[in-house]
Amino acid sequence: MEKCAIVTGSSSGLGLEISKTLLFNGYTVFGGSRSGTPIEHDNFYDVELDITSEESVTEFYETVKEFTDGVHILVNNAGFYEISPIGETSTESFENHLATNTLGPFLMLQGLEPFLVKGETHIISILSTAAQYGYPNVAGYSASKFGQLGLLQSLKKEWKDYKVRFTNLFPGAIDTPLWDKVGTRLARDKMLKTSDFISVFNYIVTAPTTIQFPEITFLHKEGFLE
Ligand SMILES: NC(=O)c1ccc[n+]([C@@H]2O[C@H](COP(=O)([O-])OP(=O)(O)OC[C@H]3O[C@@H](n4cnc5c(N)ncnc54)[C@H](OP(=O)(O)O)[C@@H]3O)[C@@H](O)[C@H]2O)c1
């Protein structure tokens, strides 16, 4: 069977580079995003996807189904991030965090079940150190990433008989377009580079499939930024 991968949030930042890395490693990649992915490759399928919408996730998997019955890698990457003190955080912003970072992975994992390849599928989730540690002024982000971790820990046990691998990544800050949108005061030269992240990601996807990486935390050598 051809090796197939799904990457959510493939249009920008980490998801774009993750998709290129998987293509380089011989995967057929279904990249999902709302704005479209700038990759031209015979084995890349640019598929419209809003992970917060049940209908959109269903349509995404219908497209995948036209090509394959089995998904070898799902990368839960799409994410939403805003910074504000709790008193200035709107209900809409808090709900957007939960919709994108918690409900979205739930819908993607629910849709994945019929495509699981017993003993082979690898689910890689890009969480954050904010799923382990509460940074100030990002209550919505932290709550939603802690929520995603709970979802993954529950499913790992529920899907034990499928013998799929779960890898949860907890990177510190990485210099991607995410920070352009939020206008941070944090020093971008003290963040990981996207290429640092990809060196870890590539190691995981090229390692022998007998190895599992339940949790990997990694950050810039300068330490936590807050
Ligand atoms: N950058 C960091 O410092 C850092 C650190 C730790 C963890 N992370 C995590 O890494 C992941 C990627 O972040 P990034 O830095 O690469 O950010 P980014 O450049 O802003 O990319 C975010 C991606 O998520 C997609 N996305 C957002 N909402 C979506 C939705 N409803 N449906 C489908 N796709 C959606 C966006 O695509 P569209 O807008 O086209 O839909 C975009 O491709 C996120 O989960 C983030 O929390 C980032």
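Which pairs have Cβ atoms under 7 Å, sit 6 or more apart or on different chains, and link a residue in the stretch 3-17 that is of a type in the set (A, V, I, L, M) to one that is in a helix (DSSP H, G or I) and within 6 Å of the ligand (Cβ to nearest atom)?
Pairs that qualify, where the first residue is of a type in the set (A, V, I, L, M) and the partner is in a helix (DSSP H, G or I) and within 6 Å of the ligand (Cβ to nearest atom), are V7/G15.
Pull up the stretch 187-201, narrow it to residues that are in contact with an Asp or Glu (Cβ under 8 Å, 6 or more places away or on another chain) and part of a loop (DSSP other than H, G, I, E, B), then point me to the one that is most open to solvent (accessible area, probe 1.4 Å).
Filtering first and then ranking leaves K193.
Do we have S125 as under 22 Å from T176 (Cα atoms), away from the ligand (no atom under 12 Å from the Cβ), among the polar types (S, T, N, Q) and not in a loop (DSSP other than H, G, I, E, B) here?
When the stated conditions are applied, S125 does not pass them.
I need the full set of residues from the stretch 128-171 which are in contact with a helix residue (DSSP H, G or I) (Cβ under 8 Å, 6 or more places away or on another chain), small (G, A, S) and either farther than 23 Å from L14 by Cα or part of a loop (DSSP other than H, G, I, E, B) (or both), in order please.
S128, G134
Say whether the condition of being among the β-branched types (V, I, T), crowded, with 19+ Cβ neighbours inside 10 Å and more than 25 Å from L219 (Cα to Cα) is met by at least one residue in the stretch 132-142. I'd like the intermediate steps shown before the answer.
Taking the stretch 132-142 as the starting set, the residues that turn out to be among the β-branched types (V, I, T) are 138.
Filter once more, so that each one left must be crowded, with 19+ Cβ neighbours inside 10 Å: 138.
Then drop every residue that is not more than 25 Å from L219 (Cα to Cα), which leaves none.
No: the stretch 132-142 contains no residue that is among the β-branched types (V, I, T), crowded, with 19+ Cβ neighbours inside 10 Å and more than 25 Å from L219 (Cα to Cα).
Do you know which of the residues in the stretch 1-16 that are within 22 Å of V57 (Cα to Cα) and open to solvent by 40 Å² or more (accessible area, probe 1.4 Å) is nearest to the chain's Cα centre (by Cα)?
S12
So which residues in the stretch 143-158 are of a type in the set (K, R) and open to solvent by 10 Å² or more (accessible area, probe 1.4 Å)?
K156, K157
So in the stretch 172-196, with the set limited to residues that are under 19 Å from G9 (Cα atoms) and basic (K, R), which one is modelled with the lowest pLDDT?
K181
In the stretch 202-216, how many residues are open to solvent by 70 Å² or more (accessible area, probe 1.4 Å) and in contact (Cβ under 8 Å) with a residue 24 or more places away in the chain?
Looking only at that region, the number is 4.
For the stretch 172-183, give me each residue that is out of contact with any helix residue (DSSP H, G or I) (no Cβ under 9 Å at 6 or more places or on another chain) and either part of a strand (DSSP E or B) or open to solvent by less than 70 Å² (accessible area, probe 1.4 Å) (or both).
Residues satisfying the conditions are V182, G183.
I'd like the full set of residues that are within 14 Å of the ligand (Cβ to nearest atom) and within 30 Å of G134 (Cα to Cα), limited to the stretch 58-86.
Within the stretch 58-86, L74, V75, N76, N77, A78, G79, F80, Y81, E82, I83 qualify.
What are the residue pairs meeting all of these: first residue in the stretch 31-57, first residue more than 12 Å from G104 (Cβ to Cβ), second residue among the basic types (K, R) and more than 9 Å from the ligand (Cβ to nearest atom), Cβ atoms under 7 Å, and 6 or more apart or on different chains?
Listed by first residue and then by second, the contacts come to I39/K20.
The values are calculated or read from the model by the stated rules, or taken from the named source; none is laboratory data. For clarity, every value in this text was computed on a predicted model and none was experimentally measured. With ideal geometry, Cβ positions are generated from the backbone for all residues, glycine too; neighbour counts draw on all protein chains shown. Protein only, heavy atoms only, side chains kept; ligands, DNA and RNA dropped before computing areas. Shrake-Rupley method; radii C 1.70, N 1.55, O 1.52, S 1.80 Å.
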